[in-house]
Amino acid sequence: MPLQLFLFALGLALVYFGAEWLLKGAVGVVRRYSVSPLIVGATVVALGTSMPEFVFNLFAAFSDEDGLALGNIVGSNICNIALVLGASGLVFPLLASRDVLTKGYLSMMLVLIVFYLVALDGTISRIDGMALAAMLIIFVFLIVRGRAYGGERKTSDAVLPEDANVPASGPRKWMFLFAGALLLAGGAWLMVKAAVNIATMLGVSSVIIGLTVVAVGTSLPELVTSLVGALKGEAELSVGNVLGSNILNVLFVVGPIAMFRPLHVEANVLAVHFPVMLAFGLVLLPIVWVRRRIGRMEGVFLLTGFLAYLAYLVMPYL
């Protein structure tokens, strides 16, 4: 147990520094190419922070741990909305632009609903995986064309604060991006491996492990990146990161894996946890629609819902 706790702490440190480097590289790209921070958050940063889910689920699926894999994806999507946005809103109010409401949020909800529909028959088949992968290609195309999140190009001075630590040269920007993504993936994987070992010692089922320990562990990159972004005033980057991560968790992670190996969906995951995921997504709409921001009050509301959900999951084991 002490060794597993040490590995968990080491992974946490790697995740923190990986998030810092990834954000520095992303901000550098925004300044250099005048790209909307929301687009960078929804693609480059979201892809980097989705790598832990991809690595973990690839291993879990080919180890016949479908419950662990799908529990991780569903739980991670819940964590991203309730934990990441809730905690980020407590740190710094996150303003929701019109593009988030009309394009980013609707894109995320469409993907989550499709995810639920393809799982309704109890199996995410190879054909389902191909459909999700096709949606991924369309999503990336729309992002590049500036239609999925609003492609307005903004000057860097208008959207980003000055920061002397942001790399100035082109190669250094990409070095920070890729090194940060690697640290995030490696650190999160180390944390998840240690956490799963600890949870297994305690006799917790694989689905619950996926929905709780693994989901929170693989969502830590999103959490740390969004918190760092909120602290530095990069609200658009934080919100884009969460929405993009939820989309990529389904299209980039579940789609390709299901193409090679169909995933079995357990009945309780389909009956309880999928609806909870959709409910958290729907709850987000009135929160951002009324005030177009996630402030401290909204953050408390989201975090309270997340803690109540965690309590429901772990109560039978207490």
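Read-outs: derived from the displayed coordinates by stated rules, not from any lab. All figures in this text were calculated on a predicted structure; none of them were measured in a lab. Cβ atoms come from the backbone with ideal geometry, glycine included; neighbour counts cover every protein chain shown.
Using the average count of surrounding beta-carbon atoms within 10 Å as a protection proxy, the listed peptides 253-262, 52-61 rank, highest first, as 52-61, 253-262.
Would you mind ranking Trp21, Trp174, Trp289 so that the residue whose beta carbon has the fewest other beta carbons within 10 Å leads the list?
Numbers: Trp21 22, Trp174 15, Trp289 11.
So the ranking, lowest neighbour count to highest, is Trp289, Trp174, Trp21.
Between Phe59 and Leu10, the modelled labels are 1.3 nm apart [label points 7 Å from Cα along Cα→Cβ]. Less than 5 angstrom separates the built amide H of Leu95 from those of Ile294, all sequence-distant by 5 or more or on a different chain. Once the Cα-Cα distance is subtracted from the 0.36 nm per residue extended length, the Ser205 to Val314 segment shows a gain of 38.2 nm.
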